[in-house]
Amino acid sequence: MKAVETGSTNVAAIKNINRRSKRLLDFRAQLELGTMIWPGILFIIVFNFIPLFGLVMAFKDYDPITGVKGIFTSPWNHFYHFKEMFRNFQFWPMVKNTLGMNLLGALVSIPVTLLFALFLNEITSRKFKSFIQTITYLPHFLSWVIYGGLIITFLNPQEGIVNFLLVKLHLVDKPIEFLGDPHYFWGLMIVSGLLKDIGWGAILYLAAMAGVEQSLYEAAAIDGASRFKRMLHITLPGILPTLMILIIFAISGMLNNNFTQIYVMQNSLNMSASQVIDTYLYQIGLQQFQFAAATAIGLLKSVFAVLLLVGANYASNRLTRSGLF
C-alpha cells in the first residue's frame, strides 16, 4: 500500500512539474508579444482609470486653487452641481441642440452611407470604383480646422462661391448668411459631416459585403434575380449585424457631438443653435475653470450614454437577434 501511495504521489508531482514547465515555456514563447501590450495597458491605466478618481469633484465644493489634494479634502455639496445644472437656463436648449443634431444626423448619414456603399459595391469597373473611393475618402483625412475653414470660405456672403452661384442662378435675391442664421446651422453640420465622412463610413459596409457568401449571388443570378433583388435579399441581410452595431453606436452616442466641427463653425450669431453639451463643457470647464460643475455634467452624460447603449443593444437583440453583446 505504501508503495502504491508513493507511486501515486510521484506521478502527481511529475504532472505538477510538467504543468509548471509548460506554463514557463508558454510564458517565454509569448514574452515578446506580451511586452508589446504593456505600453497600451499603461496608457489606459494612466489616462482612463486614474482620472476616474476626479469624478468625486462632481459631489464636492472643489476649488482649483487647492490642486489635486483638494479633490479629496473639499467638503461634500449634497448634489449642488447637479441641481444647478437642471436650473441653468442654457441646459435644456443645449440638450435639444445635442439630441436634435445627433438624431437628424443619424437618420440622414446612416441610410445615405449605406446606399452609397451598396451602389459602390455594384460598380464593376475597378478603375472607376477606385477613383470614387479615393475622392470620397480624402476629406476624412483633413482636420476639421482645415475642412471647416474651407466651408466657411465657400459660404462667405461676400466672396463665397455658394452665394455667388445662388445669386447668379436667381435662386435667391441676396446672399445668405449661412453661418449667421441659427436656422441653417443644424443642416450645415449634418451635410458637412456627411460629405466629409461618407466614403470613410462606407468602408465598414464594404468590408461586411465582402464577407457575404458569393455562391448566394450566383444561385440568385441563375434563378433570374436582378441586381437590385440580389442587393435587397442577399446583401442587406448579410450586412445586417454590422448595420445594427453601427446603429447601436449611433444611439449610444446621442449625447456626444463632434466638438471640433461645431467649435470651428460656432459664433455668437448662431449660438442659440450651436451650443451643445460638449461646447458648454469646454466653456465652463476650461475657460471658466468650473471643474466641479463640468465634471457633474460629464458624469451625467456618461450615465445616460450607458443606458442608451444597453437599451439599444437590448432592442436590437429582440428585434433582429443581433447586437453588440
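Summary table below
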quantity	calculated
Low-density loop cleavage sites - chymotrypsin sites (Phe, Trp or Tyr not before Pro) in segment 62-127, where at most 10 other Cβ are within 10 Å (DSSP)	Phe89
Residue with peak Gaussian network fluctuation, the chain [Cα springs, cutoff 10 Å], from Gly224, Gly201, Gly187	Gly224
Around Leu142: net Lys/Arg minus Asp/Glu count, Cβ-Cβ under 13 Å	0
The chain, accessible area per residue, ligands and nucleic acids excluded (1.4 Å, Å²)	65
Accessible-area composition of the chain, carbon plus sulfur, in percent [1.4 Å probe]	69
Relative contact order computed over the chain (Cα-Cα under 8 Å; 6+ residues apart), in percent	24
DSSP-assigned coil residues among trypsin sites (Lys or Arg not before Pro) in segment 240-325, each with at most 16 further Cβ atoms within 10 Å	Arg321
Summed side-chain charge close to Asn121 - residues other than Asn121 whose Cβ falls under 14 Å, Lys, Arg +1, Asp, Glu -1	+3
P(r) histogram, all alpha-carbon pairs of segment 90-320 included - 5 Å bins from 0, percent	1, 6, 11, 14, 15, 15, 13, 10, 8, 5, 3, 1, 0, 0
Linear extension gain, Leu115 paired with Asp181, 0.36 nm per residue minus alpha-carbon span	20.6 nm
Between segment 91-161 and segment 260-285, the alpha-carbon center distance in angstrom	20
Gaussian network model of the chain, Cα within-10 Å springs - most flexible of Gln283, Gln275, Gln158	Gln158
Gain upon complete extension [Phe27, Leu103; 0.36 nm per residue less C-alpha separation]	22.5 nm
Restraint check, Lys129/Lys168; Lys96/Lys229; Lys196/Lys301; Lys127/Lys168; Lys83/Lys196, Cα-Cα greater than 28 Å	Lys129/Lys168; Lys96/Lys229; Lys127/Lys168; Lys83/Lys196
Accessible-area ranking of Trp144, Trp92, largest first, probe 1.4 Å	Trp92, Trp144
Convex hull volume per residue in cubic angstrom - Cα atoms of segment 21-140	287
GNM top mover of Ala294, Ala210, Ala273 - the chain, alpha-carbon springs below 10 Å	Ala210
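The values are calculated or read from the model by the stated rules, or taken from the named source; none is laboratory data. These numbers were taken from a predicted model, which means no experiment stands behind them. Methodologically, a virtual Cβ is constructed for each residue, glycine included, from the backbone with ideal geometry; neighbour enumeration extends over all protein chains shown. The area values use the complete protein model at the heavy-atom level, side chains included, leaving out ligands, DNA and RNA. Shrake-Rupley method; radii C 1.70, N 1.55, O 1.52, S 1.80 Å.
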